[in-house]
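Novice: Once you've had a glance at the structure underneath, I'll fire off some questions.
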Amino acid sequence: MQNIPRQWTENGTLNRWIDEIASLCRPSHIHLCDGSDEEYDRLAKTLVDAGKLTLLNPAKRPHSFWCHSHPDDVARVEESTFICSLREEDSGPTNHWKEPAEMHRHLHTLFCGCMQGRTMYVVPYCMGPISSLFSVVGVEITDSAYVVLNMKLMTRMGKPALEHLEGGSFVPGVHSVGVPLAEGEKDLLWPCNPQARCIVHFPEERSIWSYGSGYGGNALLGKKCLALRIASAIGRDEGWLAEHMLILGITSPQGEKRYMAAAFPSACGKTNLAMLTPSLPGWKIECVGDDIAWIHVGRDGRLYAINPEAGYFGVAPGTSMKTNPNAMRTIQKNTIFTNVALTADHDVWWEGINGEAPEGLTSWLGEKWNPSKGAAAQPNSRFTVSAKQNPIYDTEADNPQGVPLSAIIFGGRRNSVIPLVYEALSWEHGVFMGASISSETTAAAKGDLGKLRHDPFAMLPFCGYHMGDYFRHWLEMGQKTAPEKLPRIYTVNWFRKSSDGHYMWPGFGENARVLKWIFERTAEEAPAQKTAIGYLPTELDVSHLSLSQEHMEKLLEVDKAAWLQETEGLAAYFKLFGQKMPEALLGELKELRERLEK
Ligand code: GTP
Ligand code: SPV
Ligand code: MN
């Protein structure tokens, strides 16, 4: 490589970095992505010709593709995800840490020559609306054309991002599938390197390195790596929040509109709530984002949220015209499907899409499927699609200032204890509620399924620094403005089960009934009773649902014994954060206990 950096872009730092990574990874070609439709089509065709993507039936699913991955590369890998802060204590007890210099040596060895035989794509992207002061530019270098296609759908990618960047700073991210090709060697269908896989963040450097996986959360570096792990550390330093939250606009039959953000752990219902079709006549939902929110204090003292993403990487199984018609319409065309099943006429299928599996399915493993083979679609199979295709895309979604939040909602998958909905007594109590979230594990991450674990703020796998400091940061955000300007805070639980194992709440479009209560509470219009855990509805609109009074009481029940046990678990969990656990939250826990014992 020459000493004078090539003039790839107008940004000297970026030019030098591109050359530096190229000389480390030694690709056979370098391609700077412009983000154009022509580029997308050209790359997609290359993958189709190589047998890695299948073009779907244009009559059924225009301009869409199907692919399936290595069976061991289907989800995030929390065991192999690292936060390498300079000091170990800054990464905290819930993250994996390695000394940064040692990790850099390890990465150097891994990445040395790792792109041999492949093209190195340089992908500039902007997280947040182009022209927003809150946006952050990232540049991902990757040897995966699949990643480039997904980044084009998920982010503002290519030329516009470079124009926004100009001479400014960017978050560098290097990604490799981790399988160099010897000369003339045929590529694997889905190259990945599960043994050497690692997803590494350097929060002080604001840089990302990802090796050995092609799966979304590990490889599309704008999403969880930049927009949550790195951005949360930036937000701590600059006084804002990077959260695992959907953002929706809700309009009442009277035409009044408010915005809400909601944090649920992975595969616990964000995309579904963000795109909800209300069962209640006259109510309207519009979607700003389905996974990530960056929240700032606005000039008027209210909290404003932007969605840094520009597309959806959504869970396919369970998505249907019944559960999420807006998602079904969004993915009608121009969509990439990963690890779903393929029908005989080249359309897509998954469990829960509608009825029985059709004849002649190809499973996500690429094999002829029959029911003895288990699920035809991988439980964490996903669609990637531009948000612009969403029929309920909110007009304010591209507002560079963001949207003002009236409510923040937390939730998880809890088959017992947690009622359908309740409201926090104060901001501090709401922060305590966020810190208290537990949820059953899902297929979105490698590991056990259905195991209850603490997942504070739905950020356990995504917080780029010490979770105790994160709690404190949330408390401090509440002090940046007057209490009445702050959004009210709620917890919801769609997943409570009856003793016979059935979900007690119909969920999906019916969740509008809960949003209605929250909407009216934020205007002091809905009745509530103060209980030990917070405000609970005295009347919830369950018109035409045919749920008995007794059933509703059970859904909203606060079982004191179970709650006392819950507080025991929390007390033990909070000990994990040692000195960094804010006194205010320990105080909230103590007061909750006292209220329960009264
Ligand atoms: P990530 O993309 O992993 O962050 O997930 P997410 O939080 O966006 O979850 P998503 O909306 O994709 O839902 C995950 C699974 O939960 C799907 O299989 C849904 O069908 C199911 N689900 C979503 N909302 C509800 C609900 O209200 N009730 C029930 N019973 N299931 C739901
Ligand atoms: C999640 O797991 O929370 C997701 C999917 O949204 S991934 O991009 O894999 O993180
Ligand atoms: Mn998510």
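The numbers here are math on the coordinates, done by the rules we state, and not lab data. Note that the structure is a prediction, hence the values are computed from the model and not measured. Cβ coordinates were reconstructed from backbone atoms using ideal geometry, including for glycine residues, and neighbour counts include every protein chain displayed.
Novice: Under a straight-distance cross-link criterion of Cα-Cα below 20 Å, which aspartates and glutamates are reachable from LYS560, leaving out those fewer than 8 residues away in the same chain?
Specialist: Filter leaves GLU423, GLU550, GLU568, GLU588, GLU591, GLU594, GLU597.
Novice: Moving on. Within 10 Å, count the other beta carbons around each residue, average over each peptide in 542-555, 31-44, and list them highest first. Spell out each step's value before the answer.
Specialist: Working: 542-555: 12.6, 31-44: 16.0.
Put in order of decreasing packing, that is 31-44, 542-555.
Novice: Semi-axes of the stretch 312-386's equivalent ellipsoid from the Cα gyration tensor, sqrt of 5 times each eigenvalue, largest first, rounded to whole Å?
Specialist: Numbers: eigenvalues 77, 31, 24 Å².
Equivalent ellipsoid of the stretch 312-386: 20, 13, 11 Å, largest first.
Novice: Sort out for me the Cα centre separation of the stretch 281-346 from the stretch 29-44, rounded to whole Å.
Specialist: Result: 25 Å between the Cα centres.
Novice: Before rounding to the nearest 500, sum -39500 (n - 2.57) across all DSSP H runs of length at least 4 in the chain and divide by the residue total; then give [θ] at 222 nm in deg cm²/dmol.
Specialist: Details: 16 runs with 151 residues, N = 598.
Result for the chain, helices only: -7500 deg cm²/dmol.
Novice: Additional query: Spin-label point model (7 Å from Cα, Cβ direction): what's the ASN15 to LYS159 distance in nm?
Specialist: 2.0
Novice: Which of the lysines could a cross-linker span from LYS333 if the Cα-Cα distance has to be under 26 Å and same-chain partners fewer than 8 positions apart are dropped?
Specialist: LYS45, LYS52, LYS60, LYS152, LYS159, LYS223, LYS224, LYS270, LYS284, LYS322, LYS368, LYS388
Novice: According to the Kirkwood expression over distinct Cα-Cα pairs, how big is the hydrodynamic radius of the chain, in Å?
Specialist: Numbers: mean 1/r = 0.0405 Å⁻¹.
Averaging 1/r across every pair of different Cα atoms and inverting gives 24.7 Å.
Novice: What percent do you get for the relative contact order of the chain when only Cα pairs under 8 Å and 6+ apart count? Spell out each step's value before the answer.
Specialist: Numbers: 1326 pairs, mean separation 86.4, N = 598.
Relative contact order for the chain comes out at 14 percent.
Novice: So, R0 is 25 Å and r is the distance between the beta-carbons of SER416 and LEU576; what FRET efficiency does that work out to, to 0.05?
Specialist: Here the calculated transfer efficiency is 0.60.
Novice: Next question, about the same structure. Place a point 7 Å from the Cα of GLU525 along the Cα-to-Cβ direction; which residues of the stretch 400-424 have their backbone N under 19 Å from it?
Specialist: 404-408, 423
Novice: Using a cut-off of under 13 Å, list every residue of the stretch 42-60 whose amide N is near the label point 7 Å from the Cα of LYS333 along the Cα-to-beta-carbon line.
Specialist: Of the residues in the stretch 42-60, 58-60 have backbone N under 13 Å from the label point off LYS333.
Novice: Further question: Report the relative contact order of the stretch 312-386, percent, no decimals, based on alpha-carbon pairs under 8 angstrom and at least 6 residues apart.
Specialist: Values: 129 pairs, mean separation 33.3, N = 75.
Reported as a whole number, the value is 44 percent.
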